[in-house]
Amino acid sequence: MPYQSGQKISALAVSVTGSQNSNQAIEYIKHQLQTSGMRMQYKLVNSNNGYDYYRGTTTTANNVNFKWIGVFRTSENGHDGVFIGSTRFSQTEDLLNSILATVR
């Protein structure tokens, strides 16, 4: 399904310095979100060619659910990640997967 206005797609690029693995990096992000009253659930869904792929949901302090997909890779100082998601994930999932597939 092509993107349609109002689908509220957001993207986030992160660099977690000092992390030993992608799980440690994503746990750091989860902790930072918790300090703002948000909740995050996630699971590792695939590891391939040095990339770890995640899928999850972040719930804001106002109880808005934001489903996302993301990828981490090892960097010189820790782990770099890209996450992209939407409040209307089921309507944008194909587009989001296409965008995430371009990460190198």
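Expected output is a single nm value to one decimal: the length gained when fully extending between SER75 and ASN21, i.e. 0.36 nm times separation in residues minus the C-alpha distance. What is it?
Details: separation 54, 0.36 × 54 = 19.44 nm, distance 1.01 nm.
Contour length minus Cα-Cα distance gives 18.4 nm.
Given Cβ point charges of +1 (Lys, Arg) and -1 (Asp, Glu) and nothing else, what value in debye, to the nearest 20, does the dipole of the chain about its Cα centre take?
Details: 9 positive and 6 negative charges, 55 e Å.
Charge dipole, the chain, about its Cα centre: 260 debye, nearest 20.
Assuming 0.36 nm per residue, please report the length gained on full extension of the stretch SER36 to THR102 beyond their Cα-Cα distance.
Working: separation 66, 0.36 × 66 = 23.76 nm, distance 3.05 nm.
In short, 20.7 nm is gained.
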Cα extents of the range 47-104 per principal axis, largest first, Å, are 36, 26, 14
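If you average the sequence gap of Cα pairs under 8 Å that are 6 or more apart and divide by the length of the chain, what percent do you get for the contact order?
On the way: 192 pairs, mean separation 33.6, N = 104.
Relative CO of the chain lands at 32 percent.
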accessible surface per residue for the chain, probe 1.4 Å, DNA/RNA/ligands not counted, whole Å² -> 63
Carbon and sulfur atoms account, in whole percent of the 1.4 Å probe accessible area of the chain, for 46
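Translational D (Stokes-Einstein, µm²/s) of the chain at 4 °C and 1.567 mPa s when Rh comes from the Kirkwood sum over C-alpha pairs? Show your work: numbers first, answer last.
On the way: Rh = 14.1 Å.
Stokes-Einstein gives a translational diffusion coefficient of 92 µm²/s.
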Distance in nm between ALA61 and GLN91 label points, each 7 Å along Cα→Cβ, equals 2.7
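The values are calculated or read from the model by the stated rules, or taken from the named source; none is laboratory data. Nothing here was measured: the structure is a model prediction, and the numbers come from that model. Methodologically, a virtual Cβ is constructed for each residue, glycine included, from the backbone with ideal geometry; neighbour enumeration extends over all protein chains shown. In case anyone asks, the SASA skips ligands and DNA or RNA and just uses the protein heavy atoms, side chains included. Shrake-Rupley method; radii C 1.70, N 1.55, O 1.52, S 1.80 Å.
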